[in-house]
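Working notes for the structure below.
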Amino acid sequence: MATVAVAVATPQIRKSARSSRAMSFFLSHEIGLFSEIAANPAVLECTEIMEPDQKAKHFPVILITGTPGSGKTTHAQLLVQESPIPLQYVNVGDLVKDKGLHEGYDEEWQSYIVDEDKLLDELEPTASAGGLILDWHTCDIFPERWIDLVVVLRCDHTQLWERLEQRNYPINKIQENNESEIMQSVLDEARKSYDHGIIVELRSETTDDLENNVERIVRWILEWRSNHGFKRNPEETIGMNNKKSQES
Ligand SMILES: Nc1ncnc2c1ncn2[C@@H]1O[C@H](COP(=O)(O)OP(=O)(O)O)[C@@H](O)[C@H]1O
Ligand SMILES: [Mg+2]
């Protein structure tokens, strides 16, 4: 089920992040696969100390949403790398395409018409099990019971326009997404669909934003586990490159 995409740093990011830890993420092209993370001795240790109740969800489900171009995939992939626990990454758009969970392709908008029932059936077992990052620009179709945290990424609309232009989106699609960002449509959709207490709105304009946001989500993951009765592995650390710091 894990969908893996390669992150490509724009020249702007390469320049501004040359010395930052986010840069090593962009350059490495190494996406933290579930299997790689599960093979990390620190994570296995973490798994061993979990409560014996097998029915309880041991890991949260995090939905990363926002207007196309806001940075969902970039955040999700860095989070997979930095997470102190194993998280499976699903790019919902890719899943729809790869598994044919749609009713055809809309040429005008250059996007698939999603078959929501098929999509939810496909995701149900994974989402119920927990330990999942969902990456999608739409957030209102997922059942509330699945989701523990909704991250809504926001970006200045002129910057968003440039990002979508670089993607060679057709002009109608750029305009629609630009307006959607100005109108904060995704944030409103999230607020209508989920308890406000689980929604966090985060700015995604710079690599500093990216690093801070991921660090904040990692902190939230550790708190979630603590609040759900899972003892913290003494080796778990908060912050960027926590797995690397464990190894050293
Ligand atoms: N916080 C950020 N700072 C700088 N550039 C970013 C940031 N987030 C995303 N980008 C860049 O914006 C573009 C779109 O990001 P992406 O993660 O693909 O967006 P989405 O998945 O929401 O469509 C990419 O070129 C990415 O490198
Ligand atoms: Mg994406």
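Every number in this text was worked out from the coordinates using simple rules, so none of it is lab data. Owing to the predicted nature of the structure, the values given are computational and were not obtained by experimental measurement. Ideal geometry is used to build each Cβ from the backbone, glycine not excepted, and the neighbour counts take in all protein chains shown.
Some values worked out for this structure:
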| quantity | calculated |
| --- | --- |
| Burial ordering of Cys139, Cys155, fewest other beta-carbon atoms within 10 Å first | Cys155, Cys139 |
| Protection-proxy order for peptides 74-83, 205-214, each taking the mean of Cβ atoms within 10 Å per residue, highest first | 74-83, 205-214 |
| Thr158, Thr73, Thr138 arranged by Cβ crowding within 10 Å, fewest neighbours leading | Thr158, Thr138, Thr73 |
| Residue-count net charge about Arg145 - beta-carbon cut-off 12 Å; Lys, Arg +1, Asp, Glu -1 | -3 |
| Exceeding the 22 Å Cα-Cα cut-off - candidates Lys97/Lys192; Lys72/Lys173; Lys72/Lys231; Lys57/Lys97; Lys57/Lys192; Lys97/Lys173 | Lys97/Lys192; Lys72/Lys231; Lys57/Lys97; Lys57/Lys192 |
| For Thr158, net neighbour charge (Lys/Arg +1, Asp/Glu -1) across residues whose Cβ lies under 12 Å away | -4 |
| Extended-chain gain in nm, criterion 0.36 nm per residue less alpha-carbon gap, Glu107 and Glu162 | 17.6 nm |
| Neighbour cut-off at most 11 other Cβ (10 Å), DSSP loop, trypsin sites (Lys or Arg not before Pro), region 122-203 | Arg167 |
| Order of Phe230, Phe59 - criterion: other Cβ atoms within 10 Å of each residue's Cβ, fewest first | Phe230, Phe59 |
